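The values are calculated or read from the model by the stated rules, or taken from the named source; none is laboratory data. Here the structure is a predicted model, which means the values were calculated and not measured. Cβ: placed from backbone, ideal geometry, glycine included. Neighbour counts: every protein chain shown. With ligands, DNA and RNA removed, areas are computed over all heavy atoms of the protein, side chains included. Shrake-Rupley method; radii C 1.70, N 1.55, O 1.52, S 1.80 Å.
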Amino acid sequence: MSEEEKEGFETRAIHSGRDFVSETGAVTPPVWLTSTFEYGNPNGFDYTRSGNPNFRLLDRTISTLEGAEFATCFGSGVSAITAIVSTLKSGDVVVAEENIYGCTFRLFAQVFAKFGVEIVYLDFTDPASLEGLAERNPALVWIESPTNPNLKIIDIALVAGAAHAAGAPLIVDNTFASSYLQRPIELGADLSLVSLTKYTNGHSDALVGAVCTNSEEWQQKMIFAQKALGLQPSPMDCWLTMRGAKTEAIRMERHCENALALATFLEEKTDAVRVWYPFLPSHPQYEIAKRQMSGGSGIVTVDFGRSLEDTMQFIDRLQYFPKAESLGGIESLCCHPASMTHASVPKETREAVGITDSLVRFSVGIETVEDLIRDVGGALQA
Ligand SMILES: *Cc1c(COP(=O)(O)O)cnc(C)c1O
């Protein structure tokens, strides 16, 4: 298909996965709640741990939205991470961004370290980090952009070039950006990992993760990991996530609009010490963000420079931002990384990457933005 004829993101999100229903005319696919399949069926299904029509439909939707040849869905984002790491062997070295997702850090430190997989953390916004990459002989290079919770933006195309020069595949955790705003495979990454639990599902009612790739070899490894490690999602969660994907584009537009408005308010109208949002001109990697993302996404991180006690009281006063883990749902949420998502990261490690006790992360929902701003402004003044 030529570039002109290529369907848009929204069309692909809504019209992918209409096969399997030709016998009934149903516009929406059913949920195949079955653990097993009769032998010899035309699609080759045998047992849901190694494949189910709902997985296959979601795989196709996600691969087309990510601009990748293949996608494999897993029971959660962490299952998707496990699938990738399970391809490594003792003695392998992973070079990762130091501001990595807390559960990824924990998985390497407390599980895979026992199996002899080594991990080295670097600051990938520092060009010097890229120079020494080949000497470390990495089996994988692992980054996120934007990172959690400091929203560092890493130049994916630049790191892909450096990783390939070092003979290593690049994996990008694309969860914070979403498939709508950023497509790592098109930027040169070998694997794009997405916690579909967040923006793709968008309604905080299911857990699913996916690994996308153009490599047939990686795809085979992911299918193997899904069944051999028991990392498969549930058919119902896949169905809910596919429904979510149909509205991802319009939700993301509103998330971006609301988050930019809240970030601008915090920066201009409050005494916050520092506000991070990729599409604020004050963001240190603003230019890179503008180049590789089509919007700033829905997360705003703020350092209020207050004491731990004051910060906690501020959070408790918020009306529309319940304190909860996770992000990317239609409802706004608020998180205190030091005591929640990054509680498993040692305090010195945490503070070295900027996760102080006065840091607050907002997942900005799609509510009326004036209400969100009034809520935050009021809780700050009280
Ligand atoms: C939430 C999250 C994950 C893990 O996804 P789950 O679906 O919760 O297992 C991985 N990476 C990032 C950046 C996340 O925000």
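Output yes when any residue across region 329-336 is surrounded by fewer than 20 Cβ atoms within 10 Å (Cβ to Cβ), within 17 Å of GLY377 (Cα to Cα), of a type in the set (S, T, N, Q) and touching a residue at least 40 places away in the same chain (Cβ under 8 Å), and no when none is.
No: region 329-336 contains no residue that is surrounded by fewer than 20 Cβ atoms within 10 Å (Cβ to Cβ), within 17 Å of GLY377 (Cα to Cα), of a type in the set (S, T, N, Q) and touching a residue at least 40 places away in the same chain (Cβ under 8 Å).
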message: Looking at ALA139, ALA128 in this structure, which one is of a type in the set (Gly, Ala, Ser) and modelled with pLDDT of 95 or more?
response: ALA139
statement: Within region 160-197, residues within 12 Å of the ligand (Cβ to nearest atom) and among the aromatic types (Phe, Trp, Tyr) come out as PHE176
- prompt: Is at least one residue of region 48-57 more than 27 Å from HIS342 (Cα to Cα) and either within 16 Å of the ligand (Cβ to nearest atom) or assigned by TED's automatic domain parsing to the domain that holds ARG350 (or both)?
  reply: yes
Given (1) free of Cβ contacts under 8 Å to residues at least 60 places away in the same chain; (2) over 20 Å from THR175 (Cβ atoms), index of the condition ALA324 fails: (2)
query: When you go through PHE112, PHE124 one by one, which is the residue that is over 21 Å from LEU187 (Cα atoms) and of a type in the set (Phe, Trp, Tyr)?
result: PHE112
statement: Going through region 119-137 in order, the residues found to be free of Cβ contacts under 8 Å to residues at least 40 places away in the same chain and outside any strand (DSSP E or B) are ASP123, PHE124, ASP126, PRO127, ALA128, SER129, LEU130, GLU131, GLY132, LEU133, ALA134, GLU135
message: Looking at SER344, SER297, SER339, can you tell me which residue is open to solvent by 40 Å² or more (accessible area, probe 1.4 Å) and touching a residue at least 60 places away in the same chain (Cβ under 8 Å)?
response: SER344
- request: Output the number of the condition that GLY75 fails; it satisfies all remaining conditions of (1) at pLDDT below 95; (2) within 16 Å of the ligand (Cβ to nearest atom); (3) within 24 Å of ALA13 (Cα to Cα).
  value: (1)
- request: Considering only residues that are open to solvent by less than 50 Å² (accessible area, probe 1.4 Å) and part of a helix (DSSP H, G or I), look in region 97-112 and name the one that is modelled with the lowest pLDDT.
  value: GLY102
message: When the residues of region 207-224 are narrowed to those that are hydrophobic (A, V, I, L, M, F, W, C) and open to solvent by 10 Å² or more (accessible area, probe 1.4 Å), which ends up nearest to the ligand (Cβ to nearest atom)?
response: LEU207
query: Does at least one position in region 24-42 carry a residue that is open to solvent by less than 80 Å² (accessible area, probe 1.4 Å) and either aliphatic (A, V, I, L, M) or closer than 30 Å to ALA128 by Cβ (or both)?
result: yes
